[in-house]
Amino acid sequence: MEFLALFVSLPTKQSAGRMRIWRALRALGCATLRDGVYLLPESAEHAAALAQIAEDVRAVQGKADLYRLGGRDELQQAEIVALFDRGPEYARLLAAIADTDAADAKVLRVLRRELTAIAAIDYFSGEARRQAEAALAALEAAASGEPSAKAGVIRRLASADFSGRTWATRKSLWVDRMASAWLIRRFIDRKAKFLWLDNPKKCPKAALGFDFDGAAFTHVGGRVTFEVLAASFGLDSDPAIARIAAIVHCLDVGGVPVAEAAGIEAVLAGARAAAPNDDKLLTEASRLFDNLYQNYRQENSHE
């Protein structure tokens, strides 16, 4: 893929013209390569729009030149694509959705317009957009009283029916499996025993599988296993659990960025490197998730 690059230089006295041109570039969803260089994926529509902006720049005694460029290699190409990341915008929208009452039809319409506007300039959309769309669709469905469309159904279960069970997942634990095992033992089945499987297809019939294809608990629609477990056992209404879920989702499948995620990932990676086996790893990871949970509970109590 190639990109159109508009090089712009404006006279310092043209504050009104500068603001008008900046707004036009922003409305198009241009990425900034460096000061005065704005990018869009190449298309006839984008070429015409940038050519018009170039004329506007010259009309206020500025200079503008339009070029075509691309990355030298895959890494540089990926760096250019990353400049178009809309994750922070989706994150702000997702926060607004979380704070909205489904009965407020006016706010719902505003949120829908905002999502449409972001999606229109999201040239490399991915998990963040899917998360925002799913969250808003769920809110709109709640307002209408109709169920939202799902790729699967999450049934509400009672933790009392799952006491003392054996739970099984793939060995060499990573974020979703670590967090899910912690959630199981901390909130669902305090007497849980765990099996770490070499081959999930050989999971014992008496064991409750999680986080693999065909497991009793695994990804449903856009939710990772931790989110599915939380929803299944009515834990997703706990704000502290919801915040941990956002981190797990971000680290497992990407999407809306979470400020703490990189730090949590580094700590868990260190724990995995140091642990001699998955039992020890779960013990170490559980300390982290316990502390996260207590911190988020404390923060929520002060709000």
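Derivation of every value follows stated rules applied to the coordinates shown; laboratory data play no part. Bear in mind that the values here come from a model prediction, so they are computed numbers and not experimental data. Reconstructed Cβ throughout: ideal geometry from the backbone, glycine too, with neighbour counts over all protein chains shown.
Grab the DSSP H runs of the chain that are 4 residues or longer, score each as -39,500 (n - 2.57), total them, divide by all residues and round the 222 nm result to the nearest 500 deg cm²/dmol.
Only helices count here, giving -16500 deg cm²/dmol.
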Subject >> Order of ASP161, ASP122 - criterion: other Cβ atoms within 10 Å of each residue's Cβ, fewest first >> reply: ASP161, ASP122
Original post:
Of all DSSP beta bridges located in the chain, what percent are antiparallel, nearest 5?
Top reply: 65 percent
Original post:
Using +1 on the beta carbon of Lys and Arg, -1 on that of Asp and Glu, and nothing else charged, what's the dipole of the chain about the Cα centre, debye to 20?
Top reply: 420 debye
Subject >> Computed magnitude of the charge dipole of segment 87-144 (debye, nearest 20; Cβ of K, R +1, Cβ of D, E -1) >> reply: 140 debye
Original post:
Which of the lysines could a cross-linker span from LYS63 if the Cα-Cα distance has to be under 17 Å and same-chain partners fewer than 8 positions apart are dropped?
Top reply: LYS13
**OP:** Using only alpha carbons, build the gyration tensor for segment 159-301 and give me the equivalent ellipsoid semi-axes, biggest first, whole Å.
**Re:** 22, 18, 15
Subject >> Listed residue (THR12, LEU40, CYS30) projecting farthest to the positive dipole end of segment 3-82, Cβ model >> reply: THR12
Original post:
Based only on the alpha carbon positions, what is the Kirkwood hydrodynamic radius of the chain, in angstrom?
Top reply: 22.4 Å
Subject >> Charge-dipole axis of segment 87-144 as Lys and Arg at +1 and Asp and Glu at -1 on Cβ define it, positive-most pick from ALA119, ALA91, ALA141 >> reply: ALA119
Original post:
Tell me, how many Å apart are the Cα centres for segment 1-47 and for segment 217-284?
Top reply: 39 Å
Original post:
Using the 10 angstrom Cβ neighbour count as an exposure proxy, how do LYS202, LYS280, LYS171 rank, fewest first?
Top reply: LYS202, LYS280, LYS171
**OP:** Give me the lysines in straight-line cross-link reach of LYS201: C-alpha distance below 23 Å, same-chain residues under 8 apart excluded.
**Re:** LYS171, LYS193
Subject >> Alpha-carbon Rg/Rh ratio, for segment 3-82, with Rh computed the Kirkwood way >> reply: 0.99
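Just to be sure I understand the rule: take each whole DSSP H helix in the chain, project its Cα atoms onto its long axis, keep it if the span is 15 Å or more and its mean Kyte-Doolittle hydropathy is at least -0.5. Which ones pass?
Details: long enough: 15-28 (20 Å, -0.05); 44-59 (23 Å, 0.21); 87-98 (16 Å, 0.67); 105-120 (23 Å, 0.62); 127-144 (25 Å, 0.00); 239-253 (21 Å, 1.51); 261-274 (20 Å, 1.16); 278-301 (34 Å, -1.38).
Taking the DSSP H segments of the chain (at least 15 Å long, mean hydropathy at least -0.5), we get 15-28, 44-59, 87-98, 105-120, 127-144, 239-253, 261-274.
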Subject >> Low-density loop positions, chymotrypsin sites (Phe, Trp or Tyr not before Pro), segment 229-303 - DSSP coil, at most 10 other Cβ in 10 Å >> reply: none
Subject >> Rule-of-thumb Rg ratio for segment 87-144 [Cα; 2.2 N^0.38 Å; N residues] >> reply: 1.04
